[in-house]
Amino acid sequence: MNRRVFLAALGFGFLAVEAHGQPRSLHLVADSSGETAPTFVKGKFALPINPENVKQDWTARGYSNPKVASYPQGWSRDEHTHPVSLIMTLLTGRMDFTFGAQRFVLEPGDELSYPAKTVHSAKNISDGVTQMMSSYK
């Protein structure tokens with residue numbers, strides 16, 4: 001397991017740790033399609049973000065052509081789901097996503113993905129507009 005994946009997993013409680021403090025295994029819950037829920041990668045894309053690089057990465061993984069949406073300061077949406085699997089990265093701002101007891105704060109370059117029908121909430125926590133690039137499959 002590489003260092004970035006290990007630190008992200010440790011930070012979000014995905015690792016089971018034995019008494020002597022060594023990681024035992026990476027535990028992610030899979031849905032019926034075999035996807036894990038959710039997956040967070042800190043700093044996936046270098047800043048400033050090149051949207052073409054993101055598009056190439058995502059379409060190679062089976063996602064649709066990405067779209068960019070803007071969310072005004074204070075925007076939020078209570079718990080909801082989507083009928084498709086989503087993937088996203090921020091271009092500007094900060095966004096808070098909550099999946100049950102798990103909370104992810106996305107900043108520019110971070111990547112978050114989750115399967116269809118995953119219950120979550122979202123909130124723009126920046127002092128201004130947040131721009132998010134997203135795609136689905």
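The values are calculated or read from the model by the stated rules, or taken from the named source; none is laboratory data. Model, not experiment: these values are computed from the prediction. Cβ placement follows ideal geometry from the backbone for every residue including glycine, while neighbour counts extend to all protein chains displayed.
Taking the criterion of being in contact with a Phe, Trp or Tyr (Cβ under 6 Å, 6 or more places away or on another chain) and either of a type in the set (A, V, I, L, M) or not assigned by TED's automatic domain parsing to the domain that holds residue 43 (or both), the residues of segment 78-134 that qualify are 84, 86, 87, 112, 122.
Are any of the residues in segment 102-112 part of a strand (DSSP E or B), in contact with a strand residue (DSSP E or B) (Cβ under 8 Å, 6 or more places away or on another chain) and of a type in the set (S, T, N, Q)? Reasoning before the result, please.
Applying the first criterion (part of a strand (DSSP E or B)) to segment 102-112 yields 102-106, 108, 111-112.
Imposing the further condition that a residue be in contact with a strand residue (DSSP E or B) (Cβ under 8 Å, 6 or more places away or on another chain) reduces the set to 103-106, 108, 111-112.
Next, only the ones that are of a type in the set (S, T, N, Q) stay: none.
Taking every residue of segment 102-112 in turn, none turns out to be part of a strand (DSSP E or B), in contact with a strand residue (DSSP E or B) (Cβ under 8 Å, 6 or more places away or on another chain) and of a type in the set (S, T, N, Q).
For residue 21, the conditions (1) small (Gly, Ala, Ser); (2) modelled with pLDDT of 95 or more; (3) over 18 Å from residue 137 (Cβ atoms); (4) exposed (fewer than 12 other Cβ atoms within 10 Å of the Cβ) are fulfilled apart from (2).
In segment 43-75, which residue that is among the hydroxyl-bearing types (Ser, Thr, Tyr) and assigned to a loop (DSSP other than H, G, I, E, B) is nearest to the chain's Cα centre (by Cα)? Here the answer is 63.
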